[in-house]
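Colleague: Here you go, one structure.
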Amino acid sequence: MSRIWRKGLSISVPGPQPGGTIDRQITAEASLVIPASGDLRVEALALEGETVAQGQPLFRDLHNAGLTTCAPMAGRVARLDIDSARRLRQVTLFHEPGAGRHEWPPVPVDQRDPQSLTEHLRATGLWHLLRARPFGGLADPARRPAAIFVMALDTRPGAPDPLRAIEGQEAAFASGLAALMALTEGPVYLCHRAGTAPVQDAGPRLRLLPAAPVHPWGLAGFHIHAQRPATPEAPVWDIAAEDVAAIGTLLDTGLLPETRLVSLTGTGLRDARLLRCQPWADLRGLCQGHVRPGQNTILSGSLLEGRPARWLLGADRQVTVTAHHPSHGRGHWFLSALSHAARPLPLIPTAALEQSMGGALPAVPLLRAIASGDAETARKLGALSLLPEDLALADYVTGAEPRLSALFAALLERIAEEDAP
Amino acid sequence: MNRGLWDRETVAALLLISALPLAVTWLALDGPFGLLRLAVFLVVAGVWHLVWMLARAQPPSLAGALTALALAVLAPEDLGPVALLLSTTFGVVAAELTFGGWGRNVLNPATVTLAFMGFGFPAAPWPDLAIQVGWASWAMLAMGLALGVLPGPVVLGALGTLGLAALTGAPVWAAMPAVCAGLALLVADPVASATTPLGRWLNGALYGGLCTLFLAFWQDAAPVQIAVSSALLASLAAPLFDEISIALWLRRRNRRHG
């Protein structure tokens with residue numbers, strides 16, 4: 001039996017709201033930039049200057065056998081920056097519509113066993129869409145997940161409605177769900193807005209999880225925590241509904257999806273938009289002609305957890321443009337000394353803080369454990385099911401400094417290191 | 001910068017705003033003498049906050065004013081200046097500032113100060129709170145709950161226990177002003193009370209239960225003294241209630257998820 005959680009907050013996005021129409025826009029450039037801290041060792045499968053079709057393999061991951069990344073759009077490889085240690089720094093593509101789409105062989109329904117599905121998803125790069133918990137990051141093919149959570153609800157401020165994203169792709173979505181059920185021996189949970197289930201016939205393996213549309217209940221973390229806590233021995237994967245439809249499309253037709261539904265919101269925009277664009281899209285290209293004059297910051301992600309970026313990052317489905325607020329000069333040295341001492345700032349338990357953690361777990365003890373770096377308590381209270389993005393709302397509500405999500409990321413990294421065999 | 005407003009000083013300011021009805025009613029009844037008392041406690045608490053700011057770069061907090069108000073309303077009368085300085089210093093410094101300021105303290109500094117005064121200077125008479133102060137504490141509790149800065153279960157647990165006791169005929173109503181002012185100013189402190197739902201209910205219920213018990217069996221104790229003693233014991237038990245609550249939660253979870 002599932003319970004509809006109602007404790008949460010709905011944060012409205014300041015600025016214009018998107019209308020009902022969905023534009024399609026493929027930006028002239030698309031790029032993947034690996035941050036300096038990243039360590040992605042690759043073997044290039046397309047050379048600089050070469051023309052690649054949409055969906056054609058670009059490079060192969062040397063540390064994860066069989067895992068490739070494919071071109072998000074048809075184009076020319078303008079830059080492929082791989083250093084002498086084979087570490088990928090940047091790939092940039094220039095759009096060339098004539099380059100066509102790469103066709104993968106469709107997988108017949110009777111051949112969709114876990115082994116071949118895993119290999120196929122890894123070869124086509126769709127494996128990147130699955131996210132594993134604990135610790136986040138790539139799913140480990142050697143370890144079958146205890147459950148997979150499909151998120152057909154997104155409650156981040158300004159997020160596009162996942163149900164609109166899979167509109168017209170119901171067959172592909174069902175086929176993707178069936179593939180996910182083959183990947184796990186446990187249940188597949190489909191989390192959706194209460195009253196609008198994308199699938200009617202749930203079975204013992206496919207379980208519907210209706211949720212009230214309040215943040216953070218549109219994030220997978222709290223549902224995983226409530227239904228099937230993730231542990232290192234029994235990992236849990238989560239995936240967005242649109243990505244499930246992408247898997248279905250690939251298996252049925254052999255084509256990788258060209259676009260994903262992305263929303264553009266924020267105070268820095270003249271008009272908010274819903275559009276379909278390619279992964280790694282150029283955010284400046286998407287915003288051009290729609291921003292207010294003056295300095296703006298472009299975030300990939302929502303207002304709560306977005307990071308300043310030039311390109312659409314990872315699995316983000318949101319771009320937030322915020323007007324730049326100039327700082328009021330340099331404060332007095334004494335005030336700045338005061339505000340920089342005594343970090344992290346103390347947390348005061350209020351109703352707002354409880355709501356920001358969804359009411360499903362002892363919020364204050366968990367946040368205090370995270371702020372003080374107490375891995376054991378945090379783990380006991382269910383931190384392994386969560387990812388830093390799940391704490392973004394608590395960060396926002398309490399104005400925490402340093403951000404709890406950053407402290408949590410460091411704590412998770414430490415737990416992962418201690419847990420490593 | 002994208003951020004909400006529930007940081008430490010906002011909460012302290014909202015708590016002060018909720019306390020305004022109580023402060024105004026009490027000042028209107030006590031007149032200039034009350035104002036002087038409040039000023040003295042404000043100055044003592046403020047000086048210690050300043051000292052810790054200069055010596056330890058610890059930002060001062062508006063919560064110091066809340067401590068001063070609680071002390072002005074509840075502290076024994078006719079304390080000499082030395083006794084007053086000593087006990088306020090002990091409460092503010094040892095219960096709050098040494099822990100890193102408001103938000104990191106384990107006990108409410110006003111509770112500790114009042115308990116110190118009660119143990120250290122037992123001859124000083126406890127104040128007799130007027131019934132209006134009692135009703136003003138209800139206003140403070142209601143405002144604090146509506147603003148979300150006071151822990152609801154603590155307040156409801158305490159009032160529920162006291163209500164039950166009153167129904168069974170315990171002499172609770174006569175001490176209502178002191179018990180409710182103690183609840184509003186000392187027990188329902190968001191930082192020093194329990195933080196888990198069950199822990200909060202137990203924390204409030206313990207305060208109500210202790211008040212009832214003391215009122216029934218503690219001969220010759222003033223109502224404020226009873227409220228302060230109950231508040232101290234309830235605050236000391238708060239971490240235990242949190243532990244119990246978390247242990248039960250974990251047991252339920254382990255049974256469910258294996």
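Colleague: Putting +1 on Lys and Arg Cβ atoms and -1 on Asp and Glu Cβ atoms, find which of A:333, A:263, A:315 reaches farthest to the positive end of the dipole of chain A.
Modeller: Checking the options against the dipole of chain A, the answer is A:333.
Colleague: Indicate the residues belonging to the stretch B:162-197 that lose 40 Å² or more of solvent-accessible heavy-atom surface (probe 1.4 Å) upon moving from the chain alone to the assembly of all protein chains, ignoring ligands and nucleic acids.
Modeller: Listed in order, they are B:195.
Colleague: Also: Counting only helical runs of four or more DSSP H residues, what would the 222 nm mean residue ellipticity of the protein assembly as shown come to if each run contributes -39,500 (n - 2.57) and the total is spread over all its residues?
Modeller: For the protein assembly as shown, the value works out to -13500 deg cm²/dmol.
Colleague: Taking amide H positions as placed 1.01 Å from N in the peptide plane, with prolines and chain starts having none, which residues 5 or more places from residue A:52, or on another chain, fall under 5 Å of its amide H?
Modeller: Those lying under 5 Å, H to H, from residue A:52 are A:75, A:76, A:77.
Colleague: Positive end of the dipole of the stretch B:1-142, charges at C-beta (+1 Lys, Arg; -1 Asp, Glu), about the Cα centre: which of B:108, B:141, B:23 has its Cα farthest in that direction?
Modeller: B:108
Colleague: Ok, one more. Please give the net charge around residue A:111, taking every other residue with its beta carbon less than 15 angstrom from that of residue A:111, where Lys and Arg add +1 and Asp and Glu add -1.
Modeller: Here the count lands on -3.
Colleague: Now, a different point. Between the stretch A:155-176 and the stretch B:61-106, what is the C-alpha centre distance in whole Å?
Modeller: 57
Colleague: OK, next. So, for the protein assembly as shown, what is the accessible surface per residue at a probe of 1.4 Å, expressed in square angstrom?
Modeller: 42
Colleague: Ignoring ligands, DNA and RNA, please state the percent of accessible area on the protein assembly as shown from carbon and sulfur, probe 1.4 Å.
Modeller: Solvent-exposed carbon and sulfur of the protein assembly as shown make up 60 percent of the total.
Colleague: Normalised by the number of residues in chain A, what is the relative contact order in percent for Cα pairs under 8 Å and 6+ residues apart?
Modeller: Taking the mean separation of contacting Cα pairs over the length of chain A, I get 19 percent.
Colleague: Quick check: with the 1.4 Å probe, what order do A:290, A:324 take by accessible area, largest first?
Modeller: A:324, A:290
Colleague: Any idea of the total accessible area buried by the B-A contact, 1.4 Å probe, rounded to 100 Å²?
Modeller: 2700
Colleague: Which of A:114, A:105, A:257 moves most in a GNM of chain A, Cα contacts under 10 Å?
Modeller: Ranking A:114, A:105, A:257 by mean-square fluctuation puts A:105 first.
Colleague: Let me know the charge dipole size of the stretch A:277-400 about its Cα centre in debye, to the nearest 20, where only the beta-carbon of Lys, Arg (+1) and Asp, Glu (-1) is charged.
Modeller: Result for the stretch A:277-400 is approximately 340 debye, rounded to the nearest 20.
Colleague: Please build a GNM for chain B, connecting alpha carbons under 10 Å apart, and tell me which residue among B:240, B:71, B:54 fluctuates the most.
Modeller: Highest fluctuation among the options: B:54.
Colleague: Taking every DSSP beta bridge with both residues inside the protein assembly as shown, roughly what % is antiparallel (nearest 5)?
Modeller: Bridges in the protein assembly as shown are about 65 percent antiparallel.
Colleague: Any idea what the dipole of chain A comes to, in debye rounded to 20, about its Cα centre with Lys/Arg Cβ at +1 and Asp/Glu Cβ at -1?
Modeller: 940
Colleague: From the phi of every residue in the stretch B:208-215, what ³J(HN,Hα) in whole Hz does the Karplus formula 6.51 cos²θ - 1.76 cosθ + 1.60 yield, where θ is phi - 60° and glycine or proline is x?
Modeller: Per residue, the Karplus-derived 3J(HN,Hα) values read x, x, 5, 4, 4, 4, 5, 5 Hz.
Colleague: Averaged across the residues of B:4-16, what count of C-beta atoms belonging to other chains lies within 10 Å of each residue's C-beta?
Modeller: Neighbouring Cβ atoms belonging to other protein chains average 5 per residue here.
Colleague: With springs only between Cα atoms under 10 Å apart, run a GNM on chain A and tell me which of A:377, A:265, A:249 wobbles the most.
Modeller: In this elastic network of chain A, the residue with the biggest mean-square fluctuation among A:377, A:265, A:249 is A:377.
Colleague: OK, next. Can you sort B:202, A:47 by solvent-accessible area, 1.4 Å probe, largest first?
Modeller: A:47, B:202
Colleague: Taking the Cα centre of the stretch A:39-137 as the origin, how large is its charge dipole in debye, to the nearest 20, when only Lys and Arg (+1) and Asp and Glu (-1) carry charge on their Cβ atoms?
Modeller: With only Lys, Arg, Asp and Glu charged at Cβ, the dipole is about 300 debye.
The values are calculated or read from the model by the stated rules, or taken from the named source; none is laboratory data. All values reported here derive from a predicted model rather than from experimental measurement. Reconstructed Cβ throughout: ideal geometry from the backbone, glycine too, with neighbour counts over all protein chains shown. Note: areas computed on protein heavy atoms with side chains; ligands, DNA, RNA excluded. Shrake-Rupley method; radii C 1.70, N 1.55, O 1.52, S 1.80 Å.
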